[in-house]
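Here's the structure we're looking at; comments come further down.
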Amino acid sequence: MLEPSPQAFVPFVSVENMMRLVHQIGVETALKELADYIEADFRRWELFDKTPRLASHSRDGVIELMPTSDGEVYGFKYVNGHPKNTREGLQTVTALGLLAEVATGYPVLFTEMTLLTALRTAATSAMVARHLAPKGTRTMALIGNGAQAEFQAMAMRAICGIEAVRLYDIDPAATRKAHRNLAPLGLEVTSCRTAEEAIEGAGIITTCTADKQYATILTDNMIGAGVHINAIGGDCPGKTEIHPDILCRADVFVEYPPQTRIEGDIQQMPADFPVVEMWEVITGKAKGRVSDRQLTLFDGVGFAIEDFSALRYVRDRLVGTDCAELLDMIADPDDPRDLFGMLQRARAA
């Protein structure tokens with residue numbers, strides 16, 4: 001029996017190795033490079049297969065598959081969202097992902113994506129803000145201080161030049177956690193008692209709450225002209241953060257309308273509610289921010305192409321490192337037609 005071919009072994013990035021890789025690169029460098037990968041794939045948006053994610057909803061949460069392909073490489077992410085998990089000491093979101101060659105169907109990367117999803121979500125937010133936020137913005141508000149909060153702050157600093165972060169969460173312990181993590185990193189961090197206090201002086205307002213419910217985190221009277229709202233907490237049917245009156249006043253930008261109309265804050269709006277796709281802004285086919293008084297809103301729900309970009313980035317960045325292990329994942333008989341024979345010979349051995 002011959003030794004398995006190299007194609008039988010798939011590089012696997014564990015949580016430990018993902019953390020090692022990110023620290024070897026540097027967190028802010030990784031966020032900047034990841035944002036560039038995502039923007040590059042938005043520029044070739046029309047090449048990709050696109051479909052709303054496949055969701056299995058239950059009373060406890062949601063489990064989703066997010067597939068896409070650029071014709072040469074196929075990728076998918078498995079991800080869940082279970083807001084109640086934190087009460088049991090578990091993560092709200094966990095994920096794993098895979099890349100494969102379209103030509104053969106063979107996997108070429110298998111990786112944890114819990115950390116990677118947090119990084120790509122933050123990188124996407126900051127990449128969008130680079131195009132839509134008012135120029136010279138140095139202060140952001142972070143409403144919702146859970147697992148995603150610090151990643152958002154670091155990405156906005158690395159990519160948009162944010163210097164000050166104002167925090168608010170209905171759970172003071174979450175705000176204390178975010179303050180404790182961010183304060184040593186050189187940001188000016190202010191913990192606030194209300195959402196209204198948090199948004200004072202902020203040019204970017206990020207909402208990233210977790211509860212699976214129709215909620216109104218921002219009301220119309222709270223929001224003046226000239227700010228950018230990064231609304232990323234509404235990401236499944238029945239879950240919103242933004243009052244409809246704000247949506248009516250804002251220019252709303254989205255990733256993939258058929259998915260966002262089901263999952264985003266615009267699920268509250270009529271089916272013909274006008275939105276602009278971010279890939280069109282990035283390629284110059286549509287306008288982004290056109291005035292200092294314009295209210296822009298990114299209704300970000302997360303789309304498979306962003307995960308594809310993140311997987312592609314990790315695959316490239318693994319070269320020359322020891323941050324992956326090889327898993328014997330693909331059956332590789334000497335004769336590709338003799339899978340049963342391989343099984344029988346293993347018994348004899």
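So for the chain, averaging the separation of alpha carbon pairs under 8 Å that are six or more residues apart and normalising by length, what relative contact order in percent results? Display every interim value, and only then the final one.
Working: 698 pairs, mean separation 72.5, N = 349.
Computed value for the chain: 21 percent relative contact order.
For the chain, what is the mean residue ellipticity at 222 nm derived from helices alone (per DSSP H run of n ≥ 4: -39500 (n - 2.57); sum divided by total residues; nearest 500 deg cm²/dmol)?
Details: 11 runs with 116 residues, N = 349.
Computed ellipticity for the chain at 222 nm equals -10000 deg cm²/dmol.
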For this session: Provide the net charge surrounding Ala149, with neighbours chosen by a C-beta distance below 10 Å and charges set as Lys +1, Arg +1, Asp -1, Glu -1.
Result: -1
Problem set entry | Theoretical gain in end-to-end length, Met342 to Thr104 [0.36 nm per residue, Cα-Cα removed] | 83.6 nm
Seminar exercise, completed: Charge tally for neighbours of Met342 with beta carbon under 13 Å away, counting Lys, Arg as +1 and Asp, Glu as -1, is -3
Exercise. So, by mean Cβ neighbours within 10 angstrom, what's the order for 271-283, 334-346, 36-48 with the highest one leading?
Worked result: 36-48, 271-283, 334-346
Exercise. Within a Cβ distance under 11 Å of Gly226, other residues only, what is the Lys/Arg minus Asp/Glu net charge?
Worked result: +2
Exercise. On full extension of the chain, what length is gained from Asp335 through Lys285, given 0.36 nm per residue of separation minus the C-alpha to C-alpha distance?
Worked result: 12.8 nm
Seminar exercise, completed: Given 286-293, 21-28, the highest-first ranking by average Cβ count within 10 Å works out to 21-28, 286-293
Seminar exercise, completed: Rounded to one decimal in nm, the spacing of the 7 Å Cα→Cβ label points at Gln91 and Leu65 is 2.1
Exercise. Between Asp292 and Arg249, how many nm apart are label points set 7 Å from Cα along the C-beta direction?
Worked result: 1.9
Exercise. Can you give me the Cα centroid spacing of region 291-346 and region 1-42 in angstrom?
Worked result: 9
Exercise. What is region 125-302's relative contact order, in percent, from Cα pairs under 8 angstrom and six or more apart in sequence?
Worked result: 23
For this session: Calculate how many DSSP beta bridges within the chain are antiparallel, expressed in % of all such bridges and rounded to the nearest 5.
Result: 50
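Below 8 Å, C-alpha to C-alpha, sequence gap of six or more: please give me the relative contact order for region 218-326 in percent. List each step's numbers first, then the result.
Values: 155 pairs, mean separation 38.7, N = 109.
Across region 218-326, relative contact order equals 36 percent.
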Exercise. Taking neighbour counts of Cβ atoms within 10 Å as a proxy for exposure, in what order, fewest first, do Leu327, Leu99 appear?
Worked result: Leu327, Leu99
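Hey, with R₀ at 25 Å, roughly what FRET efficiency would Asp322 and Thr29 work out to, going by the Cβ-Cβ distance, to 0.05?
Numbers: r = 19 Å, r/R0 = 0.76.
After rounding, the FRET efficiency stands at 0.85.
Taken together, the values in this text are just the output of simple stated rules run on the coordinates, not laboratory data. Source: prediction; values computed, not measured. Cβ sites come from the backbone with ideal geometry, for glycine too, and all protein chains shown count toward neighbours.
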